[in-house]
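Okay, structure first, notes after.
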There are 2 protein chains.
Amino acid sequence: METEQFQQVRRFNRVVTGRIGVLSDNYLGSGRPLGEARLLFEIGRDGANVRDLRERLSLDSGYLSRLLRSLERQGLATSQRASGDARVRRVALTPKGRKEWNALDRRSQDLAVSLLAPLGERQRERLLAAMEEVERLMRASSVTIEPVDPGSVDARRCIEAYFRELEERFEAGFDPARSTSADPGELVPPAGLFIIARLDGQPVGCGALKVNGRRVGEIKRMWVAPSARGMGIAQRLLEALEKHAVEIGLDVLQLDTNRSLNEARALYARNGYAEIPPYNTNPYAHHWYEKRGLKRQNSPESKRIGGRP
Amino acid sequence: METEQFQQVRRFNRVVTGRIGVLSDNYLGSGRPLGEARLLFEIGRDGANVRDLRERLSLDSGYLSRLLRSLERQGLATSQRASGDARVRRVALTPKGRKEWNALDRRSQDLAVSLLAPLGERQRERLLAAMEEVERLMRASSVTIEPVDPGSVDARRCIEAYFRELEERFEAGFDPARSTSADPGELVPPAGLFIIARLDGQPVGCGALKVNGRRVGEIKRMWVAPSARGMGIAQRLLEALEKHAVEIGLDVLQLDTNRSLNEARALYARNGYAEIPPYNTNPYAHHWYEKRGLKRQNSPESKRIGGRP
DNA sequence: TCCATTACCTGACTATAGTCAGATAAATGA
DNA sequence: TCATTTATCTGACTATAGTCAGGTAATGGA
């Protein structure tokens, strides 16, 4: 990465926070302290549980409690025990509070208007397109990848979603029991690995590495949530698995895949996997791939290549 | 403008402030109160005048004074009378302060790194390009256009810059005295108009309207600072002048221009100006343009078109 | 059934940010 | 030269934001 690139990010940072900051101070500076305004806005039209508010705004519970009391004193919100769990409180806006909420919402709309209004049609379109791209890629860059226990809740949730999707996409449906298995025990370090990708804390993808021989590993369970596709997550999962494979001394990676998973096949082809004859009897597999010479290619010096555009 | 567009802006706002905000809290949350950190950073490697700091950070003078005192107590900065004007104080960082400054600078670098590092080469390039576009267009949208007295300091500065540029670009140089004049008196409402474009308070362009007959006006002094080109400012200046022309009842606009000003000619052509025979004897003019039927075209209902891409 | 946990609240703090009304000294313009 | 303006400082405030240590009641699992 070049210095020039960092400069660009910093310039962006400055301009954007300058422009959005000023206007969004205003958006929240509604004659009401920032904390209260944020809270009021976060409660929303439909109300919310105090617990969720605390997490979303990451506020100290005492502080939040006091803020809520203040809103209640001003007649903007009311709270009562949540049905189901009497420990949690549910807050809702009063009609007066809803009016304030609308005012805040309008302010945030005004920001958008004041940003777009001075521009011509063409510039406006370009700004919006660029904003969408920045937003998408910044979200992509906030995706984290980490190893987890394949038996953990998040991992199991990913695998279930993965199986459900296979069931849907394979012409003949999918029954995990008939597929070549990957026992959770095989996907635990140091031999194997199970990793998941998270976006804002939520799991949005997974991948696994299984060791099949002294120098041969197998890629399994590669999946990305439909909502998170096009962010280059599969590429990063694959890279992470390859990196681990190298670390534990593997030199060859194999995998099988179904003919209806086109993106997957494109991904593997892009990353140097070559099609080989069947190495197993997985009834759902139509294509088998192999990548040799991992160590050479994934040495620390080599630069990243590719990544979904 | 569509609701969908506002939604995009708001989504962008949320994601960007979420991601940059968190990291830039960190960037300034250097174990030091935000105000102090901002001030320390703003003083910069080379020091600054207290007056400028006050304006840049828009702080209350008492508050700033106290913050400075605090930095001095911590041995991070020193201040002395500015040479030249003994009222103003000049603040400079001590070696220790400079070290802190570097730490802050590094943090801001880290933000850039953490944003770019998870992305692949291709995504990184796209993010940077999109950031540049957003930055450029947000700057463009913060350009304001307002009428000023043509004799004001800012107006005169623009005109001087304009003349200097003509001098440079015309094959035969440029002498204001030989050109067809526009007396400042002619560029004052209600008859004429002189407008300037500002970016961050600084004048970056101008334009004028002169009334030549009961229904005929003339566009003069159209100029945009080289540093602010490609932001659609000329287009907006022209639109503002046309709008005023309509308001004061003009129906025809004329203008002349030199053959070396290609962007200008493209601008006029794009906006419905047609080349006509010479209507004056300006020795620097090679092309004469006219736009008829202003009232019809620039009615409040009609949408903006064009704008520099 | 009981005990750890969870969700929330209260009281007692502290730190940060910011405002406002003068006071002082240098510079500026008539 | 003298009144005004400018740049800064000081003292005396207030508001906001946030922390922390306990307390109470409901919940859930052993």
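The values are calculated or read from the model by the stated rules, or taken from the named source; none is laboratory data. Keep in mind it's a predicted model, so treat the numbers as computed, not measured. Methodologically, a virtual Cβ is constructed for each residue, glycine included, from the backbone with ideal geometry; neighbour enumeration extends over all protein chains shown.
Some values worked out for this structure:
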read-out: Qualifying residue in the range B:122-131 (condition: facing another protein chain (nearest Cβ under 10 Å) and within 30 Å of residue B:208 (Cα to Cα)); value: no
read-out: Unique match (being within 14 Å of chain A (Cβ to nearest Cβ), surrounded by 17 or more Cβ atoms within 10 Å (Cβ to Cβ), at pLDDT 90 or above and under 28 Å from the mean Cα position of the chain (by Cα)) among B:237, B:241; value: B:237
read-out: Of residues in the range A:72-92 being in contact with a helix residue (DSSP H, G or I) (Cβ under 6 Å, 6 or more places away or on another chain) and among the hydrophobic types (A, V, I, L, M, F, W, C), the one farthest from residue A:45 (Cα to Cα); value: A:88
read-out: Matching residues, the range B:169-222, being basic (Lys, Arg) and part of a loop (DSSP other than H, G, I, E, B); value: B:214, B:215
read-out: Which listed residue is surrounded by fewer than 19 Cβ atoms within 10 Å (Cβ to Cβ), more than 16 Å from DNA strand C (Cβ to nearest atom), modelled with pLDDT of 90 or more and hydrophobic (A, V, I, L, M, F, W, C), from B:129, B:140; value: B:129
read-out: Any pair with Cβ under 9 angstrom, 6 or more apart, that starts in the range A:47-76 at a residue that is away from every other protein chain (no Cβ under 14 Å) and ends at one that is within 12 Å of DNA strand D (Cβ to nearest atom) and in a strand (DSSP E or B); value: A:49/A:89; A:50/A:89; A:51/A:89; A:68/A:89
read-out: Among residues of the range B:105-121, those that are more than 7 Å from every other protein chain (Cβ to nearest Cβ), charged (D, E, K, R) and free of Cβ contacts under 8 Å to residues at least 12 places away in the same chain, counted; value: 1
read-out: Residue match in the range A:1-15 (condition: within 16 Å of DNA strand D (Cβ to nearest atom) and either closer than 26 Å to residue A:201 by Cβ or away from every other protein chain (no Cβ under 14 Å) (or both)); value: no
read-out: Per-region count, the range A:212-228, residues farther than 18 Å from residue A:288 by Cα and modelled with pLDDT under 90; value: 1
read-out: Test result for residue B:90, over 29 Å from residue B:20 (Cα atoms) and charged (D, E, K, R); value: yes
read-out: Qualifying residue in the range B:143-163 (condition: over 24 Å from the mean Cα position of the chain (by Cα), farther than 29 Å from residue A:18 by Cβ and away from chain A (no Cβ under 14 Å)); value: no
read-out: Residue list for the range A:61-78, filter: among the charged types (D, E, K, R) and either near DNA strand C (Cβ under 8 Å from one of its atoms) or in contact with a Cys (Cβ under 7 Å, 6 or more places away or on another chain) (or both); value: A:66, A:69
read-out: Restricting the range A:286-300 to residues that are more than 28 Å from the chain's Cα centre (by Cα) and in a loop (DSSP other than H, G, I, E, B), the residue that is modelled with the highest pLDDT; value: A:286
